[in-house]
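Scroll down for the structure; my scribbles are underneath it.
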Amino acid sequence: MYEFFQNYFQIENADILLRIIFSIILGSIIGFEREITNKSAGLRTQILVCLGSCIFTILSIYGFSTAVSLYPIGDPSRVAAQIITGIGFIGAGTVLRQGLTVTGLTTASTLWIAAAIGMSCGCGKLSIAVVSTILTIAILVLIRIFEVKIMPKNIKHMRKIKISFFCKYSEYNDIYKKLVNIFPDIIDYNHKTIDEEGDILKVNAKIFSTDKSPVIQIYKQLEEMKNLQSVSVKEIFD
């Protein structure tokens with residue numbers, strides 16, 4: 001058993017294991033930042049993307065050395081090249097469009113950079129991987145602070161609120177005018193009848209708000225409007 005480990009953990013294999021360990025550590029750093037900001041691609045996803053990219057790169061370099069010696073025309077680097085294509089499919093799954101807003105682009109970008117860092121680890125360019133990770137975290141954290149402090153009215157940082165209520169059809173036009181007047185930032189709106197006679201309407205709307213307590217404030221504003229029934233107000237988290 002001792003001879004097995006002694007033979008296995010030779011200098012070349014130890015170097016490869018070091019690259020793999022670095023990819024896990026650096027991927028976890030990016031994943032932790034995504035996790036604490038409650039994003040869809042969190043700790044496990046970022047680690048696996050970084051680790052997978054590292055392993056594919058290692059296999060691309062060392063796994064086909066025999067094939068290259070036998071077939072010099074072959075190009076084993078094509079395996080590593082396909083990592084970018086694969087990450088594109090994964091990143092596309094994190095991008096969502098709701099009405100006029102698109103979310104998940106930053107998370108998709110972090111998956112892309114995690115793959116690049118994993119490939120850097122796989123190539124043995126650990127210094128590039130470490131510096132890239134530091135820069136990535138700096139960009140994610142510092143620019144977020146900049147946007148919140150300097151650009152508080154930025155639409156990305158507005159809270160999205162969903163409003164639902166019932167009203168009579170005969171009073172709908174007046175209610176709609178008041179609703180648009182109070183909430184000019186309506187991004188999605190629909191209504192439908194809920195009874196056979198068509199006398200009762202259910203109205204659903206989504207709006208942006210910059211209030212610190214948007215649900216309470218909006219609920220109070222709706223309470224001031226007459227003839228609304230079963231009013232519901234809740235914040236939507238993308």
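Values quoted throughout were computed directly from the atomic coordinates according to the rules given, and no laboratory measurement underlies them. Predicted, not measured: the structure shown is a model, and the values here were computed from it. In this analysis, Cβ positions are derived from the backbone assuming ideal geometry, glycine residues included, and neighbour counts consider all displayed protein chains.
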Seminar exercise, completed: The set of residues whose placed amide H lies less than 5 Å from the amide H of residue 234, leaving out same-chain residues fewer than 5 positions away, is 162
Problem set entry | Sorted by Cβ density within 10 Å, fewest first, the residues 33, 196, 224 | 196, 224, 33
For this session: Quick one: order 50, 121 by neighbouring beta-carbon count within 10 Å, fewest to most.
Result: 121, 50
Exercise. Got a sec? How would 49, 231, 131, 203 order by Cβ neighbour count within 10 Å, fewest to most?
Worked result: 131, 231, 203, 49
Problem set entry | Violating pairs (Cα-Cα greater than 32 angstrom) within the set 168/220; 39/177; 149/220; 39/168 | 39/177; 39/168
Seminar exercise, completed: In whole Hz, the Karplus estimates of ³J(HN,Hα) for the stretch 178-185 (6.51, -1.76, 1.60; θ = phi - 60°; x where Gly or Pro) are 5, 5, 5, 5, 6, 10, x, 9
